[in-house]
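These notes concern the structure reproduced below.
Values quoted throughout were computed directly from the atomic coordinates according to the rules given, and no laboratory measurement underlies them. Not measured: the values here are computed from a predicted model.
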Amino acid sequence: MVEKKSADFEKSLERLDELVEQMESGELSLEEMIKHFEEGSKLVEVCSKKLNEVEQKIEKLVKKNGELKEVPFEMED
């Protein structure tokens, strides 16, 4: 099940990348741009939710002094 969720995330991210490339190409009609934007917005929401879930799991799994402690997740710049 974890592999499926990971694969879904990866597929969503790849599709989002495709949409962005197509939109940046300047070859889409306004109608197509709107459809791509709508699809991309949904994919961003899906990916954000998954990333938030992962972040929460990481916070719960960080160990300090042999005890499980919640530590805020910090991304590197």
Find how much the distance from F37 to A7 grows on full extension, using 0.36 nm per residue of separation minus their present alpha carbon separation; answer in nm with one decimal. 8.6 nm
Added length on full extension, which subtracts the Cα-Cα distance from 0.36 nm per residue, V20 to V54: 9.8 nm
